[in-house]
Amino acid sequence: MLNTMHKVLSDKKAIFLLIAPGLILFIFMICIPIFMSAYYGSTDWSGIGQYQYVGLSNYKEILFEDPVFWNSLWNALLLTAATLVIQHPIAILLAIFLTHCGKYEKIFRTIFFIPAVISIVVTAKLWSGIFHPNYGLLNKFLEGIGLGVLKHDWLGDPNTAIWCIIVVVMWQGFGYALLLYYSGLQGIPKDLGEAAKIDGATHTQLYSRIMIPLLAPMMRVAIIIAVTTCLKQMETVFLMTNGGPANSTQFLGNYIYKVAFSSSLYGYGNAISVLFIVFCLILTVVLNKALKKDVGEF
């Protein structure tokens, strides 16, 4: 069996045949669409009919004359920062809590994961109702506890709408972050914790000096998934505010859709998508280099 595998892996034709399906799929599904977007991004095409080649004018306009693009990018980065600073530390703490719940572990694990399995449409409608200025649960709650002065049109105010979107996105994605950290903790040998306790380590020392450092590889995976999810955020925004009011909750995914399909500026929308891809590639390289040392890679 080993000799057969060695012969196959040493045969260049066999290797090519093995990787060819995936390579062809990658070329036709990833590479060609990107190059086509780059081409259409240099035209004034509306998506239908004739178009003219305009060179780099779309890209220049986006970078130097389109404040909505930069606001969309800023919102994505703000969501990313909030997710990494707020959602993930809470997820780690609750993952640790789950490991000490005993027979109630499955119950709490199910409860915490419920937001992740609810449809995005249902989630958007649920939270839109909570934030509604007239019959919303949040304003009713504030009124009920004597803080009616704080009642607000949460999704109608540009200063609060983006924070409402961030809360909803973090709430819905919390279950996945918790599951990653919980599985990471479960993968750490229990012998290490028992040995540390025998040596006199407190719970704080056990997790701060042993468990959390050993959780670093899973942290890297969770962070990369979180950053990717935040950057391509669209559905929740589209269903709750569609980027409003005054583009205060606009994200790049939703902005590309509005420009390309709602405003019929297909060439301009493709130019935005190309710049978005370039930004994502740069951020991915920076993120990989920043996290490499944390997982013991050199």
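The values are calculated or read from the model by the stated rules, or taken from the named source; none is laboratory data. Small disclaimer: the values here were computed from a predicted structure and weren't measured. Using ideal geometry, Cβ is built from the backbone for each residue, glycine included, and neighbour counts are taken over all protein chains shown. When the accessible area is computed, the model is the full protein with side chains, heavy atoms only, and any ligands, DNA or RNA have been set aside. Shrake-Rupley method; radii C 1.70, N 1.55, O 1.52, S 1.80 Å.
Numbers below:
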| read-out | value |
| --- | --- |
| From Thr249, Thr204, Thr229, residue being open to solvent by less than 50 Å² (accessible area, probe 1.4 Å) and either among the aromatic types (Phe, Trp, Tyr) or over 24 Å from Ser57 (Cβ atoms) (or both) | Thr249 |
| Single unsatisfied condition, Pro67 versus (1) modelled with pLDDT under 90; (2) loosely packed, with under 13 Cβ neighbours inside 10 Å; (3) not aliphatic (A, V, I, L, M) | (1) |
| Helices (runs of 4 or more DSSP H) within segment 14-124 that include 3 or more residues touching a Leu at 6+ places or on another chain (Cβ under 7 Å) and touching a residue at least 12 places away in the same chain (Cβ under 8 Å) | 67-82, 88-98, 105-117 |
| Among the candidates Ile15, Ile32, Ile62, residue that is more than 31 Å from the chain's Cα centre (by Cα), open to solvent by less than 90 Å² (accessible area, probe 1.4 Å) and not polar (S, T, N, Q) | Ile15 |
| Of residues in segment 174-194 being outside any loop (DSSP other than H, G, I, E, B), out of contact with any Phe, Trp or Tyr (no Cβ under 6 Å at 6 or more places or on another chain) and open to solvent by less than 50 Å² (accessible area, probe 1.4 Å), the one modelled with the lowest pLDDT | Gly193 |
| Residue among Gly146, Gly49, Gly102, Gly55 that alone is open to solvent by less than 30 Å² (accessible area, probe 1.4 Å) and among the small types (Gly, Ala, Ser) | Gly55 |
| Residue within segment 267-283 that is free of Cβ contacts under 8 Å to residues at least 40 places away in the same chain, over 24 Å from Asp157 (Cβ atoms) and among the hydroxyl-bearing types (Ser, Thr, Tyr) present | no |
